[in-house]
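Peer 1: I have a structure here, written as structure tokens, and I will follow up with some questions on it.
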Number of protein chains: 2
Amino acid sequence: MALSEIIIDAMGGDNAPLEIIKGAAQACLESSSLFCVFVGDRNRIKPIIKAENIPQGRWRIVHASEVIEMDDHPKEAVNEKIDASINVAARMIRDHIGDALVSAGSTGATVLACAKNIPRLPGIERGVLAAVFPASKSQRTDSGVSIMLDVGATLHCTVNQLISFAIMGIHYAKNILSVDNPRVGLLNIGEEETKGHDVLVDTNKTLRNMSDFNFIGNIEGKDIMRGIADVIVTEGLTGNIVLKGMEGMAEMAMQTGKRIWKKSMLSKMGIIMLAPVLKKLKKRLDYSEYGGAPILGFEKLIIKAHGRSNAKAIKNAILLAEKSARSKLTTQMEASIKNFYLKMFEDKKPEKNGDTPEKPDRKE
Amino acid sequence: MALSEIIIDAMGGDNAPLEIIKGAAQACLESSSLFCVFVGDRNRIKPIIKAENIPQGRWRIVHASEVIEMDDHPKEAVNEKIDASINVAARMIRDHIGDALVSAGSTGATVLACAKNIPRLPGIERGVLAAVFPASKSQRTDSGVSIMLDVGATLHCTVNQLISFAIMGIHYAKNILSVDNPRVGLLNIGEEETKGHDVLVDTNKTLRNMSDFNFIGNIEGKDIMRGIADVIVTEGLTGNIVLKGMEGMAEMAMQTGKRIWKKSMLSKMGIIMLAPVLKKLKKRLDYSEYGGAPILGFEKLIIKAHGRSNAKAIKNAILLAEKSARSKLTTQMEASIKNFYLKMFEDKKPEKNGDTPEKPDRKE
């Protein structure tokens, strides 16, 4: 089997480069078809690779002299630090070197470096940062995970951008999350079609008119974890904040658990009895289990790992990138997007709903 | 003691009018200084009041012939249903009848009906929907609650609107939550000053330049429940969605608890041992304990109770409205806002930070 070549931004993230390379070493142990290309400061990276004993023939280093720090202005940094590790990594993908890219660096910089360097799929107006997270199983057939997009790439969106997010999300859910007919929900401040600002009202209308879409309508923040939508479409600002808000709440629950532990012998015994279920629950809510957020819409898949990623999170991100690369996700996606667009025109029928005016007053 | 006259929209909310009036009956039992003015369909309200045995002298009915439904377009409904209960209630507050207003109806309609009818406090550009919720105590002196605003009244905001939210929030935290020097955080996609879209970058800059403000900088979604900010400033769209997202997650945790309960005798025993702490935690996370969201910026306080409110949530909303009315919150707020603005001009000093240009390039 040919090795999958994953480009790894070794300098990105709060714990780079140590945890990045540790994570890659763990990924190499789990997958024999993985080849790591570490992009970054050769002098800092090489000793760690040696210390972690990543075998010869499973890695190489591409030197990059600069690093984009978390407090750099993403746009300026991407434009000015030409030799930053994420820029070098993105240019490699542009030049058809490597099968996917993993970075734990600044989200903005990662998205912008990709947008600047890597061609987008035809029909996709803009790249999108997605998040895959655990959700309740509302039906027996549910996958137990949902994808939300965008979660930080495009803070305020146009109608067409939100529609493209829906298409990308459906495809990801079908191909990677194994959902047959993904249910799409539009995140809004209420379920009613009239809720939200103009862009949301118009997006709801456009999605309703797409006969191929399994659109379940607007969903509210409270529905995100309920597993009623496989694909959750939202602007990047709301997506980012609600995702982190829920992450923060999960962390608070863990801390509450620790406080309860210290409280009394009775509660200590209670927790010991619950240990098996709690452990399962913790694993389910732990973001590091999910590796990272896919950045979709480019000619290769990019995985943006959490800035605070430890080795385990990086390992999972790299394995996810490798899996997606092996399934040729982006090639399949390109074909599917084309079909989606073609079918959209073919399916164009007169309005069914008597309440809707014949000439829809969409804002384009 | 004079009775506090609370205007109650008896027709607003999923469970109106039954749960609204039940809640009012419970509130009357807890507070002897409460007088309820029920606004709505007299023929539907009166039998329930009788059935609930609310004593004579503690209530009256003001008839309103129309109701704004949850799926009405808020703006159209408020403008067209002149005699809707929320419109009648808001006009009473405008005419200095009643000390505060409680509604569990459509959030948009409540905010718009207030905006249309009730004068705003001088210096406040726009009314704001706030949420008070439990947060960790990051320091011993913390109150354990935070206020987030806006959570749904103004979906996208200008810099000046966000600044006014901060001022209102500080005042509410000082007066109602008893926080001495409230810490203000700006909700954003990252802690760095350069994160977010232009309005967020400019708001961060403006808040940093206000010497009177205890501004702790940008906070992320994960920080909301950490109790590091007493006042969390955000656009209404993000505020609404993140708040409901966290609510939904708390609900999921409760359901997981119920599933664990059914799992095995061992886990059942574990939960029984944890019952005292779990009960405390449930009470802490239950939105109905917090009654409702204050709508700030008007000449009287308005409490918007959750649309799904049961009697208990309505009771707490009415008691909160009464407490705020008795403390003359809006009168104090008006004076304090005036001081804030005056002090802002008095305190205007040359820039301290050498990095900041002398003439700030704020967008007004």
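Peer 1: Let me have the relative contact order for chain A, percent, based on Cα pairs under 8 Å that are six or more residues apart. Intermediate values should be presented prior to the final figure.
Peer 2: Values: 712 pairs, mean separation 77.5, N = 364.
So the answer I get is 21 percent.
Peer 1: Rg and Dmax of the protein assembly as shown, Cα atoms, in Å?
Peer 2: Cα only, the protein assembly as shown: 27.1, 88 Å (Rg, Dmax).
Peer 1: What's the ranking of B:77-90, A:203-216, A:8-21 by average number of surrounding C-beta atoms within 10 Å, highest first?
Peer 2: Result, highest mean first: A:8-21, B:77-90, A:203-216.
Peer 1: Roughly how crowded by other chains is peptide B:253-266, in terms of the mean Cβ count from those chains within 10 Å of each of its Cβ atoms?
Peer 2: That average works out to 3.
Peer 1: Still on this structure, I have one more. About its Cα centre, what dipole magnitude does the protein assembly as shown give when the only charges are +1 on Lys and Arg Cβ and -1 on Asp and Glu Cβ, stated in debye to the nearest 20?
Peer 2: Details: 100 positive and 88 negative charges, 617 e Å.
Dipole about the Cα centre, nearest 20: 2960 debye.
Peer 1: Under the rule of at least 5 residues apart or a separate chain, name every residue whose amide H is placed under 5 Å from the amide H of B:Ile189.
Peer 2: B:Gly196
Peer 1: For the stretch A:229-235, what does the Karplus curve 6.51 cos²θ - 1.76 cosθ + 1.60, with θ = phi - 60°, yield as ³J(HN,Hα) per residue in whole Hz, taken in order and with x for Gly and Pro?
Peer 2: For the stretch A:229-235, the Karplus-derived couplings read 10, 7, 10, 10, 9, 7, 5 Hz, x marking Gly and Pro.
Peer 1: Enter the per residue convex hull volume of the stretch B:155-245, computed from alpha-carbon coordinates, in Å³ rounded to the nearest integer.
Peer 2: Convex hull of Cα atoms, per residue: 90 Å³.
Peer 1: If you build a Gaussian network model of chain B, linking Cα atoms that sit under 10 Å apart, which residue out of B:Met333, B:Met70, B:Met265 swings the most?
Peer 2: B:Met265
Peer 1: Rounded to the nearest 0.05, what FRET efficiency do B:Asp83 and B:Gln332 give with R0 = 35 Å and r taken as the Cβ-Cβ distance? Could you check?
Peer 2: After rounding to 0.05, the efficiency reads 0.55.
Peer 1: May I pose another question? What does the copy distance list look like for A:Pro55, label position 7 Å along Cα→Cβ, in nm and ordered from shortest?
Peer 2: Sorted ascending, the copy-to-copy spacings read 8.5 nm.
Peer 1: At R0 = 25 Å, how high is the FRET efficiency between B:Arg140 and B:Glu191 if r is their beta carbon distance? Nearest 0.05 is fine.
Peer 2: So, using R0 = 25 Å, E works out to roughly 0.55.
Peer 1: May I ask you to report, in nm to one decimal and beginning with the shortest, the distances from B:Asp180 to the same position in the other copies, taking label points 7 Å along Cα-to-Cβ?
Peer 2: Label-point distances to the other copies, shortest first: 6.3 nm.
Peer 1: A follow-up question, please. Sequence gap at least 6, Cα distance under 8 Å: using those rules, report the relative contact order of the stretch A:127-291 to the nearest whole percent. List each step's numbers first, then the result.
Peer 2: Details: 257 pairs, mean separation 46.8, N = 165.
Computed value for the stretch A:127-291: 28 percent relative contact order.
Peer 1: For the cross-link pairs B:Lys22/B:Lys315; B:Lys46/B:Lys323; A:Lys137/B:Lys263; A:Lys195/B:Lys304; A:Lys174/A:Lys222; B:Lys174/B:Lys338, which exceed 19 Å when the distance is taken from alpha carbon to alpha carbon?
Peer 2: Result: B:Lys46/B:Lys323; A:Lys174/A:Lys222 exceed 19 Å.
Peer 1: Also: Count, for each residue of A:221-232, the Cβ atoms from other chains sitting within 10 Å of its Cβ, then give me the mean as a whole number.
Peer 2: Whole-number average of other-chain Cβ neighbours for A:221-232 is 4.
Peer 1: Shifting gears a bit: Can you tell me which of A:Leu301, A:Leu237, A:Leu121 moves the most in a GNM of chain A? Springs connect C-alpha atoms under 10 Å apart.
Peer 2: A:Leu237
Peer 1: Averaging over every viewing direction, what projected area does the convex hull of the Cα atoms of the stretch A:127-291 cover, in nm²?
Peer 2: Mean projected area of the Cα convex hull: 10.5 nm².
Peer 1: Applying 1/(1 + (r/R0)^6) with R0 = 45 Å to the Cβ-Cβ distance of B:Asn214 and A:Arg44, what FRET efficiency is obtained, to the nearest 0.05?
Peer 2: Plugging the Cβ-Cβ distance into 1/(1 + (r/R0)^6) gives 0.70.
Peer 1: In the protein assembly as shown, with Lys and Arg counted as +1 and Asp and Glu as -1 at Cβ, which of these residues, B:Ile176, B:Ser264, A:Thr110, has the Cα nearest the positive end of the dipole, that is, farthest along it?
Peer 2: With unit charges placed on the Cβ atoms, the residue in question is B:Ser264.
Peer 1: Give me the dipole magnitude in Debye, nearest 20, for the stretch A:191-236 about the Cα centre, with unit charges on the beta carbon: positive for Lys and Arg, negative for Asp and Glu.
Peer 2: 80 debye
Peer 1: Something else now. Long-range amide H contacts for A:Val62: which residues qualify at under 5 Å (H placed 1.01 Å from N, peptide plane, sequence gap of 5 or more or a different chain)?
Peer 2: A:Phe38, A:Val39, A:Gly40
Peer 1: Let me ask you something else. What are the residues whose amide H is under 5 Å from the amide H of B:Asn214, where those residues sit 5 or more places off or on another chain and H is modelled from the backbone?
Peer 2: Answer set, sorted by chain and number: B:Val184.
Peer 1: Still on this model: Once a ≥ b ≥ c are taken as the square roots of the eigenvalues of the Cα gyration tensor of the stretch B:227-274, is the result rounded (a/c under 1.5), prolate (a/b larger than b/c) or oblate (a/b not larger than b/c)?
Peer 2: Since a/c reaches 1.5 but b/c is at least a/b, the shape of the stretch B:227-274 is classed as oblate.
Peer 1: Need one number: nm distance between label points at A:Ser33 and B:Ala275, each 7 Å from Cα along Cα→Cβ, rounded to one decimal.
Peer 2: Each label point lies 7 Å from its Cα, and together they span 5.4 nm.
Peer 1: Expected output is a single nm value to one decimal: the length gained when fully extending between A:Met254 and A:Lys205, i.e. 0.36 nm times separation in residues minus the C-alpha distance. What is it? Walk me through the intermediate numbers first.
Peer 2: Numbers: separation 49, 0.36 × 49 = 17.64 nm, distance 4.05 nm.
Answer, rounded to one decimal: 13.6 nm.
Peer 1: Under a GNM of chain A (C-alpha, springs under 10 Å), which listed residue has the highest mean-square fluctuation: A:Lys262, A:Lys304, A:Lys116?
Peer 2: A:Lys262
Peer 1: A further question follows. How big is Rg to Rh over chain B, alpha-carbon atoms, Rh as the Kirkwood inverse-mean-distance radius?
Peer 2: On the way: Rg = 21.5 Å, Rh = 21.5 Å.
Ratio of gyration radius to Kirkwood radius for chain B: 1.00.
Peer 1: Right, here's the next one. Hey, how many Å between the Cα centroid of the stretch A:127-205 and the Cα centroid of the stretch A:305-332?
Peer 2: Centre-to-centre (Cα) distance: 21 Å.
Taken together, the values in this text are just the output of simple stated rules run on the coordinates, not laboratory data. These numbers were taken from a predicted model, which means no experiment stands behind them. Methodologically, a virtual Cβ is constructed for each residue, glycine included, from the backbone with ideal geometry; neighbour enumeration extends over all protein chains shown.
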